[in-house]
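Heads up, the thing below is written out as C-alpha cells.
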Amino acid sequence: MRLLTYTVSCLFFTLLLTACSDRGMADLEAEIGRIKARDNPQVEPIPEFKLVPSHFYEVDNKRSPFERWDDSAQGSEDGNNTGPVVIDCPKPDPFRVRVGLESSPLDALKLVGILEDATGTTWGLIMSPEGLITRVQTGDYMGQNSGLITSITDREIELLELHPDPALPGCWKEQQTKLAMPEEQ
C-alpha cells in the first residue's frame, strides 16, 4: 500500500512539472514582435515659451491691496491729499448679513400687532408675504432698503431707510418711513 501511494505521488508530481514546460509561448513572442515592428508616431517638439519679465510690487507710500479701503483717510501724513476725494454720506454696511424680513419689500410687510413684555421692551409683530409672523424690536432691520427700526409705538413702527442718491453717485440718502397698523373696520 505504501508503495502504491509513493508511485502515484511520483507520477502526479511528474505530470505537474511537465505542465510547466515551454509550450504555447510562440503566439506571445509573435505578438511582441508585431508590436515592436510598428512605426513610432511623430510627436511634435515641445513649444518654446517666451520669458515674461518679473515685476516687483514696491509699496512706498501706497495702501496695501490686501487691506479694506478706509474712506476716512484724508491724505498722507505730510499734509498732501493724494487719496480720492471722500464725501461724507450715509451708506449701507456691505458686510452686514441680511436676514429674515430684509428679503421682502417694505410695502409687502404688514404690521399685525404690538407687544410689550414685563421688562418694558416693545415688540412689533410683522407678517411676511408668505404669512409668517416675525417679532421685531428697535434696532432690527426690515425691508429691502436697509430699513433700521428707530421706534415702535402702539400703532406704528418708524424706520430709517437708505435710498440711492441720484445727485451724488455712490451716496445714499436717509428717509423716514412708517409702517402702520391697518385701520379696524
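Conditions tested, residue by residue: (1) of a type in the set (Asp, Glu); (2) in contact (Cβ under 8 Å) with a residue 40 or more places away in the chain.
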residue	(1), (2)
Ala118	no, no
Glu130	yes, no
Ile133	no, no
Ser146	no, yes
Arg155	no, yes
Glu158	yes, no
Glu161	yes, yes
Pro169	no, no
Review point. Can you pull out the residues in segment 111-167 that are among the small types (Gly, Ala, Ser) and surrounded by fewer than 17 Cβ atoms within 10 Å (Cβ to Cβ)?
Key: Gly113, Ala118, Gly120, Ser128, Gly131, Gly139, Ser151, Ala167
Exercise for review: For residues that are in contact with a strand residue (DSSP E or B) (Cβ under 8 Å, 6 or more places away or on another chain) and not hydroxyl-bearing (Ser, Thr, Tyr), tally how many sit in segment 100-131.
Suggested key: 18
**Study point:** Pair list, Cβ under 8 Å, 6 or more apart: segment 99-116 residue closer than 15 Å to Gln137 by Cα, other residue part of a loop (DSSP other than H, G, I, E, B) and among the hydrophobic types (A, V, I, L, M, F, W, C)
**Key:** Leu101/Leu109; Leu111/Met181; Val112/Met181; Gly113/Met181; Ile114/Met181
Exercise for review: Within segment 168-185, track down each residue that is surrounded by 11 or more Cβ atoms within 10 Å (Cβ to Cβ) and part of a loop (DSSP other than H, G, I, E, B).
Suggested key: Leu168, Cys171, Met181
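Read the figures in this text as sums done on the coordinates, not as results from a lab. This is a predicted model, so every value here is computed, not measured. Here Cβ is always computed from backbone atoms with ideal geometry, including for glycine, and neighbour counts include all displayed protein chains.
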